Amino acid sequence: MHVIVLGSSAGGGLPQWNCGCPQCHAARRGDPDVHARHQSSICVSADGVNWVLFNASPDVRSQLAATPALWPTALRHSPVRAIALTNADIDHAAGLLVLREGGAPAIYCTERVEEALTEGLRILPVLGAYGPVHVRRVTPGETVRVCDRDGAPTGVSVRAFVVASKPSPYMAGRHANDPRGDLAGDTVGYAITADGSDDALVYVPGVRDLDDALRDELSRARCVLIDGTFFTDDELVAMGASTKTARVMGHAPLAGDTGLLAFLRGLTHVRRVLVHINNSNPVLREGSDAREALAAHGVELAHDGLSMVW
């Protein structure tokens, strides 16, 4: 399994275009303790040749250009053979429009994500004007062998699992009477394996509720890339940037007795790496108390370009 973190930041990246928070200010000044970051995405391959992109951020062009393993090897070619989406948030799906030339790679997503991209953002109908669109549904709980748009296997398999989060803001209220609520498949995590292997990478860049079902998924993994968006629940409120808490925005905070760091404490046999870090999060500064808290729990902070092979 080959894994590359293409983007380790939450929506807006670091620095965010309209943000003057301490981390964004430091990143603009070139502070060596705060590194600029692209918006959240990873790429996975079973052979180092055929790659599956997980989430297509608005930064996807720069991400692919910065990653030699993903450069074309022919006149019209890309090693990115398919894309799997965890949700339909703009920071995870807008990059599909960047990949329109010649037709986008095969797209794997849940029914609710496909609906959002069809009726909400209308990305899929727009892509259809540039070439065939190959959307393949993933059903939570079922393992799927990921294939390219021509049906050739990539060597990567995925099993989606539902996590409690929230619909994308532009879809809010459309399914108010759905009894499944926040577990309807608007957001999923993925257990990712090379075909024929049980050695899983679990990717969960967005999650609100830390429950037994999630712990069970994480406990079976070799490595976990998981939502580290906010350090505290009132992070944005305390700095005057928003009236919404982390949990209202669909993310479990890192700190506190019910936070992610405490939740991960018993999973010491699993490599635990935080992704999707918001620009407000103090863990972004090397040497900060928040960064020291990660180290004390044995939890890593992803960075753009982080590469893992096993």
Query raised in the report: In this structure, does T118 turn out to be free of Cβ contacts under 8 Å to residues at least 12 places away in the same chain and among the hydroxyl-bearing types (S, T, Y)?
Result: yes
Query raised in the report: Being among the acidic types (D, E) and surrounded by fewer than 23 Cβ atoms within 10 Å (Cβ to Cβ), is that true of even one residue in region 45-59?
Result: yes
Query raised in the report: List the pairs whose first member sits in region 10-33 and is more than 17 Å from H276 (Cβ to Cβ), whose second member is outside any loop (DSSP other than H, G, I, E, B) and of a type in the set (A, V, I, L, M, F, W, C), and whose Cβ atoms are under 8 Å apart, counting only residues at least 6 apart or on separate chains?
Result: D33/A26
Query raised in the report: Any residue in region 180-190 that is among the hydrophobic types (A, V, I, L, M, F, W, C), in contact (Cβ under 8 Å) with a residue 40 or more places away in the chain and in a strand (DSSP E or B)?
Result: yes
Report summary line: Of the candidates V44, V49, the one satisfying the condition of being free of Cβ contacts under 8 Å to residues at least 40 places away in the same chain and under 25 Å from S197 (Cβ atoms) is V49
Query raised in the report: Is at least one residue of region 1-23 in contact with a Leu (Cβ under 9 Å, 6 or more places away or on another chain) and assigned to a loop (DSSP other than H, G, I, E, B)?
Result: yes
Query - Considering residues of region 60-69 that are over 17 Å from M1 (Cα atoms) and small (G, A, S) only, the residue surrounded by the most Cβ atoms within 10 Å (Cβ to Cβ) - result: S62
Query raised in the report: Name the residues in region 83-102 that are small (G, A, S), surrounded by fewer than 24 Cβ atoms within 10 Å (Cβ to Cβ) and within 20 Å of Y190 (Cβ to Cβ), would you?
Result: A94
Report summary line: Heads up, the strands (runs of 3 or more DSSP E) in region 93-170 (entirely inside) with at least 3 residues that are more than 23 Å from G206 (Cα to Cα) are 153-162
Query raised in the report: So which residues in region 112-160 are charged (D, E, K, R) and closer than 18 Å to E101 by Cβ?
Result: D148, R149, D150
Query - Residues satisfying the stated conditions in region 24-44, i.e. assigned to a loop (DSSP other than H, G, I, E, B) and surrounded by fewer than 21 Cβ atoms within 10 Å (Cβ to Cβ) - result: G30, D31, P32, D33, H35, A36
Query raised in the report: Cβ-Cβ below 7 Å, separation at least six or inter-chain, first residue in region 286-305 and without any contact (Cβ under 8 Å) to a residue 40 or more places away in the chain, second exposed (fewer than 14 other Cβ atoms within 10 Å of the Cβ): which pairs?
Result: H297/R265; G298/T268
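Here, each number is a calculation from the coordinates, and none is a lab measurement. What you see is a predicted model, and the numbers here were worked out from it, not measured in a lab. Every residue, glycine as well, gets a Cβ built from its backbone with ideal geometry; the counts of neighbours run over all protein chains shown.
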